[in-house]
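As structure tokens, the structure follows; a few thoughts come after it.
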Amino acid sequence: MKMKKILVTRKLIKDSEDKALKIFDAKLNPNDELYSQSRVIEMCQGCDGVLTSLTDKMDKETIDKLPDSIKIISNFAVGFGNIDLEAAKKRGIAVTNTPEVLSDATAEIGVLLILGACRRAAEGIESAREGGWKWSADYLIGKQLTGSRLGILGMGRIGQKIAKIAKSLGMIIHYHNRSKLSPDKEDGAIYHDNLKSLFSVSDVLSICCPATKETENMINKETVEYFPKGAVITNVARGDIVDDDALIDALNRRKIYAVGLDVYKNEPNLNPGYLKIKSAFILPHLGSATKDTRIAMANLAIDNIDEFFKTGNCKNKVN
Ligand code: NAP
């Protein structure tokens, strides 16, 4: 059988690029250039599939202009908010993602956000670097996790892992999903069938749900008021779930005590309001950034294309 031709839009770790070259006639991106949408369309000419990452905006306009030869968009991420699934479906293009293999690494960052925001790590790091700080009984007093209530918005693969670690730190777990989990998956966590109910018991919130039309701006002017005064909000999922102006305003009013953020609207240009808040513990989208995880994700993205061309289907197809 003739080798399938694929475009890989971003540079991958070498092991994964070697794997792609072994299985496919792969066009790689050795300089890791950020391709524009029109460049992706142009480079897809003659290709059977494309391996995209979350920096590729595969909206309807882009998908509609892809050549007919493209049969699969394999996204190098579990989230697929960057791809218009319906537009792809209409054109008979399968879309796949990389679930599970990144859950541990992302949950680690999710817990880091909780710890960093609650224990004032951003201010602590700045003071330690500046020098001249003076220990005192009330210096950089933070919020203790032990005994506090952690609300998880989106208790899926990553949310459940965060819950497990947080439980071992002595936190009491509450969660909201559209559907209640089975008792073994809940593992003692308390279900809330609506946002207001979850937020009103969340001393700390961890956002772990996908970015969809339904979850867009779930943290907003109205819902931020549901939290207890002095709550902490963390987001390891996607920036689109938060209305930044509402959250920054709540921080400035001390309604919200601190934030821990890994993801933002319009990355990498986060809302400058966050930079003015000393307590904001902010990271540059590091969720899955470990070597093992990035290799596993890339290998899965490659395997998804291979499985699709061999069988006509793929277990990680999302549209
Ligand atoms: P998952 O297993 O599909 O879990 C998502 C959870 O969100 C499910 O429990 C789902 O439950 C819930 N949910 C979905 N829509 C909802 C809604 N409208 N309201 C309330 N809950 C809702 O996904 P995952 O693998 O844990 O990944 C979660 C997200 O993390 C991804 O979509 C991705 O955007 C993000 N992520 C970020 C990074 C990073 O680098 N920071 C890395 C990996 C993943 P129901 O269906 O019952 O509602």
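The values are calculated or read from the model by the stated rules, or taken from the named source; none is laboratory data. Computed from a prediction, not measured in an experiment: that's the story for all the values here. Cβ coordinates were reconstructed from backbone atoms using ideal geometry, including for glycine residues, and neighbour counts include every protein chain displayed. The protein model used for the area step is the full one, side chains on, heavy atoms only, and it has no ligands, DNA or RNA in it. Shrake-Rupley method; radii C 1.70, N 1.55, O 1.52, S 1.80 Å.
See the values below:
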item: Qualifying residue in the stretch 273-287 (condition: more than 16 Å from the ligand (Cβ to nearest atom), within 22 Å of L198 (Cα to Cα) and outside any loop (DSSP other than H, G, I, E, B)); result: no
item: Check on S136, surrounded by fewer than 18 Cβ atoms within 10 Å (Cβ to Cβ), out of contact with any helix residue (DSSP H, G or I) (no Cβ under 9 Å at 6 or more places or on another chain) and not in a helix (DSSP H, G or I); result: yes
item: Test: residue in the stretch 66-84 that is part of a helix (DSSP H, G or I) and touching a residue at least 24 places away in the same chain (Cβ under 8 Å); result: no
item: Qualifying residue in the stretch 163-184 (condition: part of a helix (DSSP H, G or I), more than 22 Å from S288 (Cβ to Cβ) and within 16 Å of the ligand (Cβ to nearest atom)); result: yes
item: Condition broken by S103, with the remaining ones in (1) surrounded by fewer than 19 Cβ atoms within 10 Å (Cβ to Cβ); (2) under 22 Å from the mean Cα position of the chain (by Cα); (3) hydroxyl-bearing (S, T, Y) satisfied; result: (1)
item: Contacts under 8 angstrom Cβ, first residue in the stretch 94-105 being closer than 10 Å to K315 by Cα and assigned to a loop (DSSP other than H, G, I, E, B), partner more than 8 Å from the ligand (Cβ to nearest atom) and of a type in the set (V, I, T), 6 or more apart; result: N97/V318
item: Residue match in the stretch 190-208 (condition: buried (at least 21 other Cβ atoms within 10 Å of the Cβ), within 8 Å of the ligand (Cβ to nearest atom) and under 19 Å from G81 (Cα atoms)); result: yes
item: Close pairs (7 angstrom Cβ cut-off, 6 or more residues apart or separate chains): within 12 Å of the ligand (Cβ to nearest atom) in the stretch 212-224, open to solvent by 60 Å² or more (accessible area, probe 1.4 Å) anywhere; result: E216/D240
item: Subset of the stretch 153-162 that is closer than 28 Å to K221 by Cα and open to solvent by 20 Å² or more (accessible area, probe 1.4 Å) - its residue that is nearest to the ligand (Cβ to nearest atom); result: G156
item: Checklist (1) open to solvent by less than 70 Å² (accessible area, probe 1.4 Å); (2) closer than 27 Å to T223 by Cα applied to E108, failing item; result: (1)
item: Residue identified as within 11 Å of the ligand (Cβ to nearest atom) and touching a residue at least 60 places away in the same chain (Cβ under 8 Å) among V232, V236; result: V236
item: One residue from L28, L7 being open to solvent by 10 Å² or more (accessible area, probe 1.4 Å), modelled with pLDDT of 95 or more and hydrophobic (A, V, I, L, M, F, W, C); result: L28
item: Among (1) over 15 Å from G110 (Cα atoms); (2) under 23 Å from the mean Cα position of the chain (by Cα); (3) away from the ligand (no atom under 16 Å from the Cβ) - the single one Y139 does not satisfy; result: (2)
item: Residues that are surrounded by 18 or more Cβ atoms within 10 Å (Cβ to Cβ) and assigned to a loop (DSSP other than H, G, I, E, B), drawn from the stretch 239-270; result: D243, D262, V263, Y264, L270
item: Test result for D243, at pLDDT 95 or above and away from the ligand (no atom under 14 Å from the Cβ); result: yes
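Yes/no matrix, rows are residues, columns are (1) within 16 Å of T98 (Cα to Cα); (2) out of contact with any His (no Cβ under 7 Å at 6 or more places or on another chain); (3) not charged (D, E, K, R):
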{"site": "L7", "(1), (2), (3)": "no, yes, yes"}
{"site": "R10", "(1), (2), (3)": "yes, yes, no"}
{"site": "S16", "(1), (2), (3)": "yes, yes, yes"}
{"site": "A20", "(1), (2), (3)": "yes, yes, yes"}
{"site": "I23", "(1), (2), (3)": "no, yes, yes"}
{"site": "Q37", "(1), (2), (3)": "no, yes, yes"}
{"site": "E42", "(1), (2), (3)": "no, yes, no"}
{"site": "D48", "(1), (2), (3)": "no, yes, no"}
{"site": "D56", "(1), (2), (3)": "yes, yes, no"}
